[in-house]
Structures are given as C-alpha cells and as structure tokens.
Amino acid sequence: MVQKYQSPVRVYKYPFELVMAAYEKRFPTCKMIPVFLGSEKMMEEKSEDGATHTVERRCRLAVDAPYLLKKIVGVDCVYFIQKNELDRRNRTLKISAHNESFSSRVIINENCNYSVHAENPSWTCFEQDASLDIKHFFGFESTVEKIAMKQYTQNIKKGKEVIEYYINELISEGTTYIPPWSDLNPKASLTQLTQDDAPSQDSGRHSRSNSVASTHSQNSLVLGATAASIHNTSAPEVHESEGATALPDCPSPGKLDDDYIARFLGHLTPVEESCLVQLRQWLSHTHKGKIPKDAHILRFLRAREFNIEKAREMLVHSLAWRKLHNIDHLLESYKTPETMEKYYPGGWHYFDREGRPLYILRLGQMDVKGLMRSVGEEAILKHVLAKNEEGLMLAAEATNKRGYPVSACTCIVDLDGLSMRHLWRPGIRALLRIIETVEANYPETMGRLLIVRAPRVFPVLWTLVSPFIDENTRHKFMIYGGKDYLGAGGLVEFVEKQYIPDFLGGDCYCDVPEGGLVPKSLYQEELIDRSPDEQSALSPSSLYQTAHVVREFPHEVLIQVPQKGSVITWDFDILKGDVTFTVFRCKQSIREDPVHQHHVSGATGGIGSVQYINKTMTVGVDISIVEPPHICRDGDSVQGSHVTSQSGSYVLQWKYFDSAKASFDFPLSSHKSKVMYCTELLPSAAFRGSMSSLQSCQSGFSSLSIGTSHSGQSLHSGKGSCPSRYGHLGFLPPPR
C-alpha cells in the first residue's frame, strides 16, 4: 500500500531571498541533522543572467534501523537523488527527491516547493508532498514502513530548530536583507545587506526578536529539506454568521496554514495534518463550492483514527444525510414544541473548566412514554439534533473568544428518579435510534459525559445502551453513584462550583426544565395507536429522492420542457457505487408513464428505479445527447444546469458504472449504486438572459460549510437562469 503525505502550508515571515540563503547553508552537510551524512553535486547549471539555478545532488543518509536489519540488508547508509530548481525571477524553489538505494524494492518520491506569499511579498510559503511504496523488502515490509514513519516524525520535529538556527546565524553575521533578482540588476539577489543597509520593515516583521520566538520549520521526509512557519499573532477573522474562518494571511485560497491549524484546530502530528489536508483536498474536488468546516472534517478523521478512506466514507454519508433532511437550516426552521419546552428536562448551562459548552440532562425526570405519545419520536429526535447543532455553534464561538480550539461539549446526566418505567421498550428503541443517528453524524463532539446519582437500575440501562456507543466515546464517561459526585474528583474537578447547578450541590440557579409526567390530555391519538415501528425516525426533505441503480436498469427522470430557454437544474449525491450521468432530449414526446419500473428490496415502495427510454431507441435517431456522460464516483456531490435549446421531453439518466470492469475483464463489484437527487425546471419567462443570473439570488452556504472556489461540476452548460424556489440549496453553479 502506498503511504502518502501532504503538508499544510508553512509560512516564513521572511523574504524569499533570505530564506533561500538560510536553506543553502545546510549544504554540503548539516550538523543540525545527524542522519544527513553529506552530499555531493552531480550537476549544476546557471543561466547567464543568474535568474535560474539548477543543482542535482547525491545525498547520503544514515540508516536508523535495528542492528539485525542492517546486517540483513548489508548497508549502514542509503543514497537519495535531490534536484533543486531555483527561479529567482519568479521567486520559487522546486525540490524533487527520490531514493537511489533499493529502488527496485522501495519507491520514495518527495516534492517540496518554496514560493512567495500570495498576499504579502515579504513572506515565503513552503509546501511538501511525499509518497512511500514498499514493494518487497526481505520480509520486513511492515518494519521498514514503521521505521520510515518514525524517522519522518523525528525529522519534522528536528526541522523546527534547523531554520531558526541558520536564520539566526545569518542575522548574527549581519545579513538581514537580500534584494530580489531583477532584470535591471541581475546580481542583486546575490548581494547580502547588513542591518544598516536594509530597508525598513513594517511592524518589525523581520526583527530578530519577533522571529526567533515563534519560528517553525518543516523538515523533508527524505533529505531534511527545511522550511519555516512563524506563528501569526493576530487571530484569523471569523464570520459569526457561519462560523467560517477567513485567513487574512492565508497563502492561497482553499489551503490550510499551520498557524491556523494550531490556533483553531489544536496540536496535530504531521501525519494527522497530512490526513486533514488530503481529505480536505478530496472534498474540494468532489463537493464543488462548499466543504465542511475544518473542525468538522477533523472530527470524522478522529472518529476513524485518521484512516482517510473510512473517514471519507463516514463523512460523505453524513453530508448526504444533512442534505436529505435539510439539517443545515434546522436551527432556522425548527421551533421547539410547547410540550418539549415544558417537559423535556435538558438544556445548555454555561461552560466547564476547559471552556467547553455544558449541557444538563435530567434524564431521571424525563417521562419518555409521555413525550413519545404527545409529540412522537421524530419530534424528540429533531429536538436532540437541534441541540447538537447549537452545541457546534457554541463550540465555534468559544474557540473564537477563548483563543484556543474548543471542539467538543461536556454533558452532565442526572439520573435521580430513574426507575423501571424508563426501561419501556419503545423508549429504549427510540433512544438507540437517537444514539445511532448522533454517533454517525456528530462524532467526537462529546468531550466528557458525567453521569451522577446513578441508581441501582442503571446497570440494566447501561447494558442495553453501551454496545451502541462508540468505544472512544465510552472512554469519556464518568459514572458517580450516590453522592460521590460531591466529593474530591467529582463535578467540581470539571466544572467551577459557581456554575454547578443548585440541585447538584452547586451555587448556580439552572433554568433547565424539571421535566415530570406529561399529562395524558396532551397525548395524541394517532401516536398512541401507531406502533413504534411505524414511527419514522426522521422524515426526509420532500426536495430529495433516492434511487437504486443496478446493472441494465438505470434510473431516469422525465422533464417536460414547454418552451426553449427553460433551465433544467440538478443536485445529486452518490451514496454508493459509481454511475454515469447523462441528459438526453427525445425527438418525439414521451408519455409520463415509465416504460419499466425495477423493484428493489428495501427501496421506498419497493421501486428502486424507473426507465422512460425504451431500449429500442437509438442515439441520433430517436434521442440526442445534450449533456455527455459524466462518470460520478462514490461520495461525489454534483450540481449543474442545462439551458434547453428546444422544447420537448428531456430525460436525466443515472446509469450504473462498473469501475472494476473498466480495469479488468471480469466484474468485482456488487452491480448496485444508490443516488440521492433533486431536480427543477426553471421557466424561460423568468430568465434574465445574464450569465451571472445562473446563480440563485438566494443561494447560501451550509452552516457547516465555508466557501471555496466557485461551485459546479463540468456538467454545467447553460447561459442563465432565474431565482429558484430551491435557491437556499445553492445548487445552481455560477458560469465557468
């Protein structure tokens, strides 16, 4: 398996030329990197004007491996080839490296890039990516992989000292500024100026006192190539409406800065940083226009122990779930039922000692049966989801105010009053459904859960519920029986006494509802008569539908276009498998009744897909392709539109795509895909005829999303549109 690494952007608050001078001081050897034994130049080329300088080196590295492994392979050091391409005119340095030793058994490739900061030409950016592919290594493949990752981590830590050392050395020698290369003075960049000669620097950005205390650097995975990042003392601007972070010092749009990671996401190891960068890049390609906040992506990575593929699968299904149930707009549209306001004993209450939002739930005072029979399971679940959305918002606000990352919440569950009536089977079933939904869509949001006044019946409830709680979450539980929560190691260890509710021995009044029995007069007859299995856990939004696409049976949507110029729009997510998406225009009008319905077990109404195009129809004769087939992969989110050139019958088709068969002569997949979609026809009468009008005037981003590049897949092909009644979805892409 190929191991990949992608760094966030590291920022030097020094000019490019000074960073390059510091970088060159580490050759031909570097006493700061013990494993780097030395290097020799194999090739060197310079342009006549000095604008470009290319150097190829053969570098020797010590092998930090067990003695037995060294004896088996018969070497104490390994060789790598490094190529540096310096472009002084454009102020860039590109570094590429690969292993020479054991190249038939192990393939290591690394690319590094130094460039000028996009918004501040006095700063320098550094990015790095690397890959490790161990084909075979004397049966020690796993050991070699672990050694490589260990060595890499050590180099990263050591690299943070290297750049600081050489920049300080330059400063101590009197070199504080090197003029950039220019056509008028091509030798300028080779001239080092002293402090007295250097131009003044705004805000002391290049002063020694500012640089030394906050310098970071990045050491090469293979060669120890160094780069630095100086922490920005000003916090990134935060838009409170969405909680999205806008980085004034971000090196380029859509990229992560290591200062930002430290400030808003917390300490991450180099491997964890790489996983976040890689998953974020993947989402930016597949979910055009908006991606979840970085803190949200990080929660899913942590929930899957930074396994990128597992985290990706979990996240894309959660994003589709949010879209299907319109969760992004839940807080805007949700109104707590009066019965829930009075009898649901839970609510937010200040913060814990670590700054996490604190939620109080008096579960022992909750009448589960009464709530289910008065408002229903769906209303309870919606209420819980709304509280989770509020928790995410409160955590983001706490991060902005406190100056350090707050990504989770603390919950105190008071079990005083818990009895056998709480073990009502439909209530337990509803509780398990809620836990399953929250675990799948709000992972790693529970910082700590404190269960107090647990009665004797609690072990029975815990036995039923605990198997459905993620193991990482169970480790965050603290359970107190009797009055143990009042003593040392109790609530006061996690929550300041002034914020502990008075009914738990604290000094603070808590306005969380007390709960109690729900009067039977509030029961709804339809909920009493309906069995628990008939109650839907959460009704889907009417905007979206799902279809099961199998081999030989595509899913098709028929759209009758009354006049040319009308705009067909689509927004769909691939929940499983791969498909090809195509838009056809039929030369003859098609009936509204489908020619075939394919039944799939588990599908709504038993119907998995419908077909309108008869198999006897041929392209060019009976139908024409107006949007060519586009391969959509598992997890992709696609939005697009088409401006019709003629009236008539149009068909949107999702067809199963066997990616395995595209590579092999035999199928390897289950021949089934699942699509969640929404379509709309915008009348030409409302079309303003402007390219920019293709964007819905009400288009907005998810409350969990931040804007990246313009949205829209390559499927976009129209010239305009009008405001949509689905405008809040923002699935009309802007013009290309």
So, first residue assigned to a helix (DSSP H, G or I) in region 492-503, second residue open to solvent by 60 Å² or more (accessible area, probe 1.4 Å), Cβ within less than 7 Å, six or more apart or across chains; the pairs are Lys497/Asp507; Gln498/Asp507; Tyr499/Tyr350; Asp502/Tyr509
Inside region 39-75, the number of residues satisfying the requirement of being assigned to a strand (DSSP E or B) and either at pLDDT below 75 or not charged (D, E, K, R) (or both) is 10
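Residue-by-condition table, conditions (1) farther than 19 Å from Asp502 by Cα; (2) of a type in the set (Val, Ile, Thr); (3) touching a strand residue (DSSP E or B) at 6+ places or on another chain (Cβ under 7 Å):
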residue	(1), (2), (3)
Pro345	no, no, yes
Trp348	no, no, yes
Leu361	no, no, yes
Arg373	yes, no, no
Glu377	yes, no, no
His383	yes, no, no
Gly391	yes, no, yes
Just to be sure, is Glu119 open to solvent by 70 Å² or more (accessible area, probe 1.4 Å), within 25 Å of Ser274 (Cα to Cα), outside any strand (DSSP E or B) and not small (Gly, Ala, Ser)? yes
When restricted to Glu309, Glu273, Glu313, the only residue of a type in the set (Asp, Glu), touching a helix residue (DSSP H, G or I) at 6+ places or on another chain (Cβ under 9 Å) and modelled with pLDDT under 95 is Glu273
Among helices (runs of 4 or more DSSP H) entirely within region 385-485, at least 3 residues that are in contact with an Asp or Glu (Cβ under 9 Å, 6 or more places away or on another chain) occur in 425-441
Residues of region 311-367 being farther than 16 Å from Cys411 by Cα, charged (D, E, K, R) and open to solvent by 10 Å² or more (accessible area, probe 1.4 Å), in sequence order, are Arg312, Glu313, Lys323, Asp328, Glu332, Lys335, Glu338, Glu341, Lys342, Asp367
Note: among Val11, Val78, just one is open to solvent by 20 Å² or more (accessible area, probe 1.4 Å), part of a strand (DSSP E or B) and in contact with a strand residue (DSSP E or B) (Cβ under 7 Å, 6 or more places away or on another chain), namely Val78
Checked against (1) more than 22 Å from Lys335 (Cα to Cα); (2) open to solvent by 50 Å² or more (accessible area, probe 1.4 Å); (3) in contact (Cβ under 8 Å) with a residue 24 or more places away in the chain, Lys401 satisfies every condition except (3)
Among Pro345, Pro357, the single one that is in contact with a helix residue (DSSP H, G or I) (Cβ under 7 Å, 6 or more places away or on another chain), at pLDDT 95 or above and within 30 Å of Arg280 (Cβ to Cβ) is Pro357
Review point. Before we move on, is Leu93 at pLDDT 85 or above, within 22 Å of Leu61 (Cβ to Cβ) and of a type in the set (A, V, I, L, M, F, W, C)?
Key: yes
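The values are calculated or read from the model by the stated rules, or taken from the named source; none is laboratory data. Small disclaimer: the values here were computed from a predicted structure and weren't measured. Note: ideal-geometry Cβ built from the backbone for every residue, glycine included; neighbour counts use all protein chains shown. The protein model used for the area step is the full one, side chains on, heavy atoms only, and it has no ligands, DNA or RNA in it. Shrake-Rupley method; radii C 1.70, N 1.55, O 1.52, S 1.80 Å.
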